[in-house]
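Notes to accompany the following structure.
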Amino acid sequence: MGAKRELSSKWFFRISILTAVYYLAGKFGLSLAALNASASAVWPPTGIALASLLLWGSDTWPAVFFGAFLVNITTQGSFATSFGIATGNTLEAVLGAWLVWRFAGGANAFSKAQDTFKFTGLAAIVSTTPSATFGVTSLCLGGLASWNQYGSIWLTWWLGDMVSNVIIAPLVLIWKTQGLPRLTSKQIIEAALMLLTVIVTGSLLFLGKTASSAEHEPLGFLALPPLLWAAFRFGRRGAITAALIMSAIALWGTVHRFGPFVGSALNASLLFAQAFMGTSTLTALVLAALLSEQKKAEAILKESEVRFRAFFDNAAVGAVQLDAAGRIVQVNDAFCQITGYGRGELRGMHPSDLDHPDEKESDRTRMAEFLAGRTLNYDVEKRYVRKTGEVIWVHVTVGIIRDGNGQVARTASVVEDITARRKTEQALKRMRDELERANADLEHRVDERTAKLREMIAELEHFSYALVHDLRAPLRAMQSFAGLAEQTLGEQTPPAVLDYLQRIRAASGRMDGLVLDALNYNRAVLQDLPLEPVNLYELVSGIISTYPNLQPPTAQVQIEGSLPVVLGNKAGLTQCFSNLLGNAVKFVASGTQPKVTIRTEDRNGMPQGGKQTPSGSSNGALVRIWIEDNGIGITRESQGRIFDMFQRAHAGYEGTGTGLAIVRKVTERMAGQVGVESEPGKGSRFWLELRSASEGL
Ligand code: ADP
């Protein structure tokens, strides 16, 4: 509320001031009216109104209306004509202010030449037409002017308003927006001289000759040089002030019938004078605006130059500028630090003077290629020799600065010291090389050792095979000689000798069995076991039909359900199943018929039954085959060792204890496993786990 009241009291104050000023300025203008008491060729209120609306806002328009109304009602005419004229004047001010705000930069219109022109076109020429039209029409309708004078009164009216907008409005706006200048004493003297020159020139030009002088010398243009001086040296404030003084002198002279514009009628003379005033003011204002724009541009350039300097000087990397001949013209501190040279020493040097001798030539060629545009960029890691003679590594990138004709004017380089990085890289490379060498050496030694080991193994294999094989011949010899001795002695053989001979035969027979089993085990370890899909059902049925001790009446061996196709080796699998089935019918209590069942375990760990076709296990998955007997069983302790070589769990049964060791070895070599579940007296359940190959068949 307080702010609102303050605002409205401010508004009332402004309205009152503007109304009063408008009224007084209007009275002054009308005092110069010649053609009609209400239509003056000099009309300062228009410019005052426009400037006020631009500075204070359009809501001050009522002051324009009241001021205009008061001026007219107190001059001549009725309420109606004064109302019409006041309406025209108000419209002019509001329209002018809006156009200038919208298109010409508002109150700052005179800081740019383009806006100055727009201001002139929009405010001075366009917005003044409603005032002249409303005003003159009101006069004619009110009988205060005759219709046949309409054209000349309209022109007078319009020109008066226009010049007012070109001189008075800028005067107020410029001084209000720019404020008072701070001048040095020298500038004050110059300003005084300039104003004196304006006054003297104006007086000479416009107060010199009277209307009665026979010849009029058309020297009005001489008013321009002092105005240009004012604009050039004192900017917009100087230009508008000088223009106002010059215009005032010209106006006063013309009204008092002096100077080059004086003709037969005062009104016509005033029109000429105004045309002059408007033109010269516009010229001075445009010049001042151009100068101001140039100054601003210069300030921006200077600021950007200062910023660039700061960046260049303080950059962490070296920066160098070369002239077209390739000589150093500018360097920053970082570059001096990198090279170890001072600024003065570097200036005039060629950068190639810094290059390492090995690289000078190649770098010169590379630079020439780049400058000629044959390579797209110069981005190089090379060596510099510092002033101290120390060799360092630098990374250099170069950019070309061209002149307006596209010729190389300068080049700018950025130089970075990368010695530390290079050293690290080199150390790393050395380490990598050493590592690679050591690795290669190691591999070579491993290869050598492996080859030697293979050789040794082959020799050992050969030796053990030969040993085992050669052992059998003397064993057989012992057996047959013992047999021959028995035969030769015949019936007379003393019973003790016979017993010895039989023992020799039995022992050498057992020994031969052992040797044979050792040979078999050796084969299981060494033989090649290429894997292929094997139909277990066929394989196991084949084994059963081959051995009579697996068939009734000796034993009942049956395959329950299907057996899978597995990935294995036929010979290896035959060895495994023969051993397991042989054991199953062997380790049975005497008087019991061995009963053996072979089945496949389903996925839930339960044995499958019913079908004769291969099971549907997927390729590569493990399948388990169970061999269950009704034998004597195996104790828990024995279960752990019976798969080792020469380990047996029961006495009184034939065997060497190598069968299960061979089974385990062969199964493992087919990527399978073997195991047993058993309890003494309750039979045994051996299992084999193999890789399924059923999908392949
Ligand atoms: P061998 O059959 O020549 O004795 P194996 O290596 O085939 O040797 O078997 C080792 C031992 O495991 C056997 O001596 C026996 O004690 C025990 N064994 C093997 N299979 C069975 C079985 N089905 N039932 C009971 N014991 C068994």
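Brief remarks follow.
- Segment 642-679, residues that are part of a loop (DSSP other than H, G, I, E, B) and more than 9 Å from the ligand (Cβ to nearest atom): GLY652, MET670, ALA671, GLY672, GLU679
- Residues satisfying the stated conditions in segment 173-196, i.e. under 58 Å from the mean Cα position of the chain (by Cα) and either under 15 Å from TRP43 (Cα atoms) or surrounded by 20 or more Cβ atoms within 10 Å (Cβ to Cβ) (or both): LEU173, ILE174
- Among (1) in contact with a helix residue (DSSP H, G or I) (Cβ under 6 Å, 6 or more places away or on another chain); (2) among the hydroxyl-bearing types (Ser, Thr, Tyr); (3) farther than 21 Å from LEU95 by Cβ, the one test that SER127 misses: (3)
- Scanning segment 55-107 for residues that are among the aliphatic types (A, V, I, L, M) and outside any helix (DSSP H, G or I) returns a single hit, ALA104.
- Options VAL126, VAL21; residue that is surrounded by fewer than 19 Cβ atoms within 10 Å (Cβ to Cβ) and within 60 Å of the chain's Cα centre (by Cα): VAL126
- Reported count of residues in segment 622-639, each being of a type in the set (A, V, I, L, M, F, W, C), modelled with pLDDT of 95 or more and either touching a Ser or Thr at 6+ places or on another chain (Cβ under 6 Å) or more than 13 Å from the ligand (Cβ to nearest atom) (or both), is 2.
- Looking across SER78, SER146, SER58, one residue alone is without any contact (Cβ under 8 Å) to a residue 40 or more places away in the chain and more than 17 Å from ASP161 (Cβ to Cβ). It is SER146.
- Some residue of segment 226-248 being of a type outside the set (Lys, Arg) and not in a helix (DSSP H, G or I): no
- The set of residues from segment 250-280 being among the aromatic types (Phe, Trp, Tyr) and over 27 Å from PHE117 (Cβ atoms) comprises TRP252, PHE258.
- Residue check, PHE206 surrounded by fewer than 16 Cβ atoms within 10 Å (Cβ to Cβ), of a type in the set (Phe, Trp, Tyr) and at pLDDT below 90: no
- Taking segment 508-550 as the range and being in contact with a Pro (Cβ under 9 Å, 6 or more places away or on another chain) and either in contact (Cβ under 8 Å) with a residue 60 or more places away in the chain or surrounded by fewer than 16 Cβ atoms within 10 Å (Cβ to Cβ) (or both) as the test, the residues that pass are ASN535, LEU536, TYR537, ASN549.
- Selection status of ARG503, in contact with a helix residue (DSSP H, G or I) (Cβ under 6 Å, 6 or more places away or on another chain), away from the ligand (no atom under 16 Å from the Cβ) and not hydrophobic (A, V, I, L, M, F, W, C): no
- Only one entry in LEU282, LEU301, LEU291, LEU270 is over 53 Å from the mean Cα position of the chain (by Cα) and in a helix (DSSP H, G or I), namely LEU270.
- Checking PRO260 against (1) in a helix (DSSP H, G or I); (2) over 17 Å from SER40 (Cα atoms), the condition it does not meet: (1)
- Residue within segment 540-559 that is farther than 23 Å from GLY631 by Cβ and among the aromatic types (Phe, Trp, Tyr) present: no
- Residue match in segment 504-517 (condition: more than 30 Å from LYS665 (Cβ to Cβ) and at pLDDT 80 or above): yes
The values are calculated or read from the model by the stated rules, or taken from the named source; none is laboratory data. Remember, predicted model here, so these are calculated numbers, not experimental data. Methodologically, a virtual Cβ is constructed for each residue, glycine included, from the backbone with ideal geometry; neighbour enumeration extends over all protein chains shown.
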